[in-house]
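A.B. asks: A single structure is presented below for examination.
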Amino acid sequence: SSLQINEKNEAPTIDKKIDSNKETNDAAIGDVVNYTVTIHAKKGATGYVLTDTMTKGLTFNNDVKVTVGSNELTPTRDYTVATPVDGATFKVTFTENYLNTIDGDTEIVVSYTATVNKNAEIGTTTGNTNTAQLKYGNKSTVDSKTTTYSYKFDLVKTDNSKKLLTGAKFKLYDSVAGTTPVKLIKDATTGNYRVAETGETGAIEEIEINSYNAVTISGL
């Protein structure tokens with residue numbers, strides 16, 4: 001007779017997306033970003049821990065949901081969500097009771113959201129990243145990362161001779177047909193503006209330009 005030994009914990013993979021199918025997106029301060037991490041689980045799964053790390057421009061909304069097909073898994077019984085001490089934003093630990101029910105290739109979808117906050121990186125250089133990694137047994141998958149970009153523009157008003165004018169006031173709308181002005185926070189030192197967080201104290205609607213430089217509006 002022969003003895004056959006099978007590797008119990010075959011390597012899973014993960015795939016992280018924004019809005020179901022993208023790896024990058026654009027968002028303003030205050031916008032909610034939707035994330036999904038698909039874990040391609042394997043038979044013999046053990047020790048699955050999904051770790052997620054967001055940069056400082058993203059605020060986790062503590063709204064993890066886990067589904068397999070049309071079935072939603074049950075917190076505590078099937079998985080737990082905790083804030084780790086290693087600097088990551090949160091981790092999802094799957095229970096061995098649930099992992100023992102996986103008897104073939106299984107797609108576990110972990111969905112959650114974050115809100116872009118006032119600390120968001122502006123521009124295309126760095127962006128605001130969200131990185132997921134799955135630990136299984138004593139190994140880890142390759143990181144899967146998404147990036148959210150936020151932007152800025154400069155505003156000036158000039159006369160016919162291109163001289164900068166001061167005191168002109170503007171309101172900014174999120175669309176051509178928009179009726180509600182974008183709420184902003186003015187930096188008293190620089191005179192520049194950024195998009196306000198939802199409900200932020202001190203938010204205003206008017207942008208006032210000056211006669212000595214362009215006014216920057218960021219977080220769009």
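The values are calculated or read from the model by the stated rules, or taken from the named source; none is laboratory data. Small disclaimer: the values here were computed from a predicted structure and weren't measured. Please note: Cβ atoms are built from the backbone with ideal geometry, for glycine as well, and neighbour counts cover all protein chains shown. The area values use the complete protein model at the heavy-atom level, side chains included, leaving out ligands, DNA and RNA. Shrake-Rupley method; radii C 1.70, N 1.55, O 1.52, S 1.80 Å.
A.B. asks: Could you list, ordered by first residue, the pairs with Cβ atoms under 7 Å in which the first is in region 170-192 and in a strand (DSSP E or B) and the second is of a type in the set (Ser, Thr, Tyr), at least 6 apart or interchain?
C.D. replies: Pro181/Tyr173; Leu184/Tyr193; Ile185/Tyr193; Lys186/Tyr193
A.B. asks: Restricting attention to strands (runs of 3 or more DSSP E) lying wholly within region 83-150, give those where 1 or more residues are acidic (Asp, Glu).
C.D. replies: Once the strands (runs of 3 or more DSSP E) in region 83-150 are filtered for at least 1 residues that are acidic (Asp, Glu), what remains is 106-116.
A.B. asks: Being among the charged types (D, E, K, R) and either without any contact (Cβ under 8 Å) to a residue 40 or more places away in the chain or open to solvent by less than 30 Å² (accessible area, probe 1.4 Å) (or both) is true for just one of Lys157, Lys162, Lys139, Lys152. Which residue is that?
C.D. replies: It is Lys162.
A.B. asks: Can you tell me which residues in region 193-220 are touching a strand residue (DSSP E or B) at 6+ places or on another chain (Cβ under 7 Å), part of a loop (DSSP other than H, G, I, E, B) and within 20 Å of Thr148 (Cβ to Cβ)?
C.D. replies: Ala196, Glu200, Gly219, Leu220
A.B. asks: Could you pull out the residue among Val33, Val37 that is open to solvent by less than 30 Å² (accessible area, probe 1.4 Å) and either within 29 Å of Val182 (Cα to Cα) or not β-branched (Val, Ile, Thr) (or both)?
C.D. replies: When all the criteria are applied, what remains is Val33.
A.B. asks: Starting from residues that are aliphatic (A, V, I, L, M) and under 26 Å from the mean Cα position of the chain (by Cα), keep the ones in region 149-203 and report whichever is modelled with the lowest pLDDT.
C.D. replies: Only one residue fits best here, namely Leu172.
A.B. asks: Among the candidates Ile108, Ile102, Ile185, single out the residue that is closer than 18 Å to Thr67 by Cα, touching a Lys or Arg at 6+ places or on another chain (Cβ under 7 Å) and of a type outside the set (Lys, Arg).
C.D. replies: Ile102
A.B. asks: In region 81-103, how many are on the phi < 0 side of the Ramachandran plot and loosely packed, with under 13 Cβ neighbours inside 10 Å?
C.D. replies: Result for region 81-103: 9.
A.B. asks: Collect the residues in region 79-109 that are of a type in the set (A, V, I, L, M, F, W, C), modelled with pLDDT under 95 and within 17 Å of the chain's Cα centre (by Cα), keeping them in residue-number order.
C.D. replies: Hit for region 79-109 is Ala88, nothing else.
Table: residues versus (1) at pLDDT below 95; (2) of a type in the set (Gly, Ala, Ser).
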| position | (1), (2) |
| --- | --- |
| Val32 | no, no |
| Ala41 | yes, yes |
| Thr46 | yes, no |
| Leu58 | no, no |
| Asp63 | no, no |
| Val68 | no, no |
| Thr74 | no, no |
| Arg77 | no, no |
